[in-house]
Amino acid sequence: MNQIKLEQIKAKIQQVLKPKRYEHTLGVMYMAGALAMRYHEDMYSALFAGLLHDCAKGFPESALQSLAQAFRISISEAERKCPELLHAKVGACLAEKEYGISDSYITDAIVYHTTGRPNMTLLDKIVYVADYMEPNRFEAPNLDEIRRMAFEDIDECLYVILESTLAYLKQKNAVIDPKTEETYLFYKNEMNK
């Protein structure tokens, strides 16, 4: 049943996403599945979350804002400044309403795949890390090291990715969601314990 549903969603999502985004999505899905096997997480939860994590990516900002309003999603100040950030929250709602994923463990992993959150679930971590290092990514710094680390210590890997992401966003003078900074500080504290 899970495999059939996965194939149905895969076919449907391929129609929605641009080819490059679909390729990325498959990379995240397979990497999330591999990490799930490594860390004894439910593989299908990871596959569904990976497949649907960017289901609202590429929507025009006006569509994201309209969908957020329709789904009664609260919009943060960072999301007002950079509506593209809404793709995670809108994507979680679409996962439920359009793709039939009612498990909040999976939809939460979709919500937090861009910002993270303090005290992330294992599935949250898996999708966040898989999104950063999937095989079609080549530009992030230290990818070989991060890919190795992901299979050795997912918490340390998560921390390194958060640190790198914040440094990159600050360098670009980009909007930083406070949730990302909260997450970084939480895991910095965890690493120092």
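What is the Cα convex hull volume of the stretch 39-150 when expressed per residue in Å³? Intermediate results must be reported in sequence, preceding the final value.
Working: hull volume 13.6 nm³, N = 112.
Convex hull of Cα atoms, per residue: 122 Å³.
Which of 10/57; 57/172; 97/170; 12/179; 81/170; 18/170 have a Cα-Cα distance over 25 Å? Result: 97/170; 12/179; 18/170 exceed 25 Å.
What Kirkwood radius, in Å to one decimal, follows from the Cα pairs of the stretch 146-193?
On the way: mean 1/r = 0.0892 Å⁻¹.
Its Kirkwood hydrodynamic radius stands at 11.2 Å.
Stretching residue 104 away from residue 70 to a fully extended chain increases their span by 10.3 nm, per 0.36 nm per residue minus the current alpha-carbon distance.
Any idea what diffusion coefficient the stretch 90-153 gets from Stokes-Einstein, in µm²/s, Kirkwood Rh on alpha carbon pairs, 37 °C, 0.692 mPa s? Show your work: numbers first, answer last.
On the way: Rh = 12.8 Å.
Reported coefficient: 257 µm²/s.
For residue 56, the amide hydrogen comes within under 5 Å of the amide hydrogens of 91, counting only partners 5 or more places away or on other chains and with H modelled in the peptide plane.
With a cut-off of at most 11 other beta carbons within 10 Å, and DSSP calling the residue loop, which GluC sites (Glu not before Pro) in the stretch 136-193 qualify? Please list them.
When the GluC sites (Glu not before Pro) of the stretch 136-193 are filtered for loop state and at most 11 Cβ neighbours within 10 Å, 139, 152 remain.
Per residue of the chain, the DSSP helices (runs of n ≥ 4 H) give a summed -39500 (n - 2.57) that works out to -21500 deg cm²/dmol at 222 nm.
Among 40, 24, a tally of other beta-carbon atoms within 10 Å of each Cβ gives an order, fewest to most, of 40, 24. Taking the three principal axes of the alpha carbon atoms in the chain, the coordinate ranges are 41, 37, 28 Å, sorted in descending order. Here the residues 160, 16, ranked from fewest to most Cβ neighbours within 10 Å of their Cβ, fall in the order 16, 160.
Values in this text are rule-based calculations from the coordinates and carry no lab data. Predicted model only: the values in this text are computed from it and were never measured. FYI the Cβ positions are ideal-geometry reconstructions off the backbone, even for glycines, and counts take in every protein chain you see.
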